[in-house]
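The values are calculated or read from the model by the stated rules, or taken from the named source; none is laboratory data. Note that this is a predicted model, so its numbers are computed, not measured. Every residue, glycine as well, gets a Cβ built from its backbone with ideal geometry; the counts of neighbours run over all protein chains shown.
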Amino acid sequence: MPNLQKKGFGIIALLMIVFTFTDLQISKVIYNPDSVYGLIFEAIGEFPAGIIATFCTVSLIVTRKKEKSIKYNLGTIGYGLMLILFSLMATMLPIKYLNGPTFLAPILAVIYIVISYFLAKKISVTNKVELRQAAIVGVLTFFFVVITFNLVKMGWGRERYRHMVAEGSFDGFSLWFIRQGFTTNNEFMSFPSGHSTNGAIMIWLTLIPTFIPRLKSKQVLINSCVIVWIILVAASRVVVGAHFASDVTMGVTITLIIFSLLKKKYVKRIC
């Protein structure tokens with residue numbers, strides 16, 4: 001594991017220890033359900049995940065070998081279903097939180113797919129292998145992240161801060177590492193943060209220089225933008241009371257671990 005990666009996970013471990021003792025106090029200080037910043041990132045925080053998943057799926061279609069077989073035809077159907085799912089996710093989440101018109105969803109979904117196709121087609125002319133490697137990482141990261149955080153959420157049962165405020169009692173507060181039990185009640189799915197795990201999928205953008213070589217000189221800038229985005233999304237969830245600091249930290253950690261493992265396995269040309 002590279003030194004920078006070790007330091008990153010070391011910082012995360014330290015934060016989880018600190019938040020064990022400060023979770024409730026932090027939320028009490030910064031909680032603001034009417035925060036414009038919090039509400040904006042609630043609406044757009046998961047948007048990049050859908051866009052990235054859409055682009056990666058289109059890239060897999062563009063870079064696949066054409067052949068006449070049942071497997072190929074079944075794959076085409078599978079890719080088609082994935083495109084519908086991912087592109088609609090990218091459109092419906094912002095519309096849902098911003099109370100926008102739902103008729104825009106399919107229109108925007110088609111636009112995202114078309115733009116992704118032209119970009120992927122152009123890149124595949126010179127960097128087909130690299131694009132496919134990155135696309136595999138993107139799609140698998142999305143799948144494993146969504147499955148992982150949803151299973152943990154239901155199995156952990158941690159009460160959200162905003163629910164405690166609404167109930168007028170903090171008796172339900174629990175430390176992040178203490179499992180409360182299985183639940184399907186959304187107000188008891190605080191750990192980990194879904195917005196933060198999906199928001200952290202922005203880490204995939206750090207792979208762009210692997211299939212667009214001319215952007216290698218911009219690697220530091222890309223990395224910096226990704227880090228800022230992840231922090232903004234995570235912090236916004238604490239501000240609106242949807243999660244505690246440890247919830248968002250663990251959410252980001254889940255994505256980083258999954259991404260790192262997949263990147264190591266599939267990306268041969270790492271910038």
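Which residues, counting only those in segment 115-160, are surrounded by 19 or more Cβ atoms within 10 Å (Cβ to Cβ), over 16 Å from the mean Cα position of the chain (by Cα) and aliphatic (A, V, I, L, M)?
Residues satisfying the conditions are ALA120, ILE123, LEU131.
Kindly establish whether ILE203 is touching a Leu at 6+ places or on another chain (Cβ under 7 Å) and either surrounded by fewer than 20 Cβ atoms within 10 Å (Cβ to Cβ) or in contact (Cβ under 8 Å) with a residue 40 or more places away in the chain (or both).
On the way: touching a Leu at 6+ places or on another chain (Cβ under 7 Å): yes; either surrounded by fewer than 20 Cβ atoms within 10 Å (Cβ to Cβ) or in contact (Cβ under 8 Å) with a residue 40 or more places away in the chain (or both): yes.
When the stated conditions are applied, ILE203 passes them.
Is it true that some residue in segment 208-219 is among the polar types (S, T, N, Q), surrounded by fewer than 20 Cβ atoms within 10 Å (Cβ to Cβ) and touching a helix residue (DSSP H, G or I) at 6+ places or on another chain (Cβ under 9 Å)? Walk me through it before giving the result.
The initial filter retains those residues of segment 208-219 that are among the polar types (S, T, N, Q), namely 210, 217, 219.
From what's left, surrounded by fewer than 20 Cβ atoms within 10 Å (Cβ to Cβ): 217, 219.
Within this subset, residues satisfying the condition of being touching a helix residue (DSSP H, G or I) at 6+ places or on another chain (Cβ under 9 Å) are 217, 219.
Within segment 208-219, one or more residues are among the polar types (S, T, N, Q), surrounded by fewer than 20 Cβ atoms within 10 Å (Cβ to Cβ) and touching a helix residue (DSSP H, G or I) at 6+ places or on another chain (Cβ under 9 Å).
Can you name every residue in segment 175-216 that is outside any loop (DSSP other than H, G, I, E, B) and more than 16 Å from the chain's Cα centre (by Cα)?
Passing the criteria: ASN186, GLU187, PHE188, ILE208, PRO209, THR210, PHE211, PRO213, ARG214, LEU215, LYS216.
Go through segment 32-90 residue by residue and tally those that are more than 24 Å from PHE259 (Cα to Cα), aliphatic (A, V, I, L, M) and out of contact with any Phe, Trp or Tyr (no Cβ under 8 Å at 6 or more places or on another chain).
5
Looking at (1) farther than 15 Å from THR253 by Cα; (2) part of a loop (DSSP other than H, G, I, E, B); (3) hydrophobic (A, V, I, L, M, F, W, C), can you tell me which one LEU221 breaks?
(2)
If you scan segment 192-217, which residues turn out to be closer than 20 Å to GLN133 by Cα and of a type outside the set (A, V, I, L, M)?
Residues satisfying the conditions are TRP204, THR206, PRO209, THR210, PHE211, PRO213, ARG214, LYS216.
Sort through VAL233, VAL248 and tell me the only one that's at pLDDT 95 or above and touching a Gly at 6+ places or on another chain (Cβ under 6 Å). Write out each step before concluding.
On the way: VAL248 fails: touching a Gly at 6+ places or on another chain (Cβ under 6 Å).
Step by step, each of VAL233, VAL248 is checked, and only VAL233 is at pLDDT 95 or above and touching a Gly at 6+ places or on another chain (Cβ under 6 Å).
Tell me which of these VAL238 doesn't satisfy, since it passes every other one: (1) within 17 Å of the chain's Cα centre (by Cα); (2) in contact (Cβ under 8 Å) with a residue 40 or more places away in the chain; (3) over 19 Å from PHE188 (Cα atoms).
Evaluating VAL238 over (1) within 17 Å of the chain's Cα centre (by Cα); (2) in contact (Cβ under 8 Å) with a residue 40 or more places away in the chain; (3) over 19 Å from PHE188 (Cα atoms) leaves (3) as the failure.
Among the small types (Gly, Ala, Ser), touching a residue at least 12 places away in the same chain (Cβ under 8 Å) and closer than 24 Å to THR206 by Cβ: does that describe SER59?
For SER59, the condition - among the small types (Gly, Ala, Ser), touching a residue at least 12 places away in the same chain (Cβ under 8 Å) and closer than 24 Å to THR206 by Cβ - is met.
Counting residues that are exposed (fewer than 13 other Cβ atoms within 10 Å of the Cβ) and more than 23 Å from the chain's Cα centre (by Cα), which helices (runs of 4 or more DSSP H) fully inside segment 1-104 reach at least 1? Talk me through it step by step, then tell me what you get.
Working: elements: 3-30, 36-44, 47-63, 70-98.
Once the helices (runs of 4 or more DSSP H) in segment 1-104 are filtered for at least 1 residues that are exposed (fewer than 13 other Cβ atoms within 10 Å of the Cβ) and more than 23 Å from the chain's Cα centre (by Cα), what remains is 3-30, 70-98.
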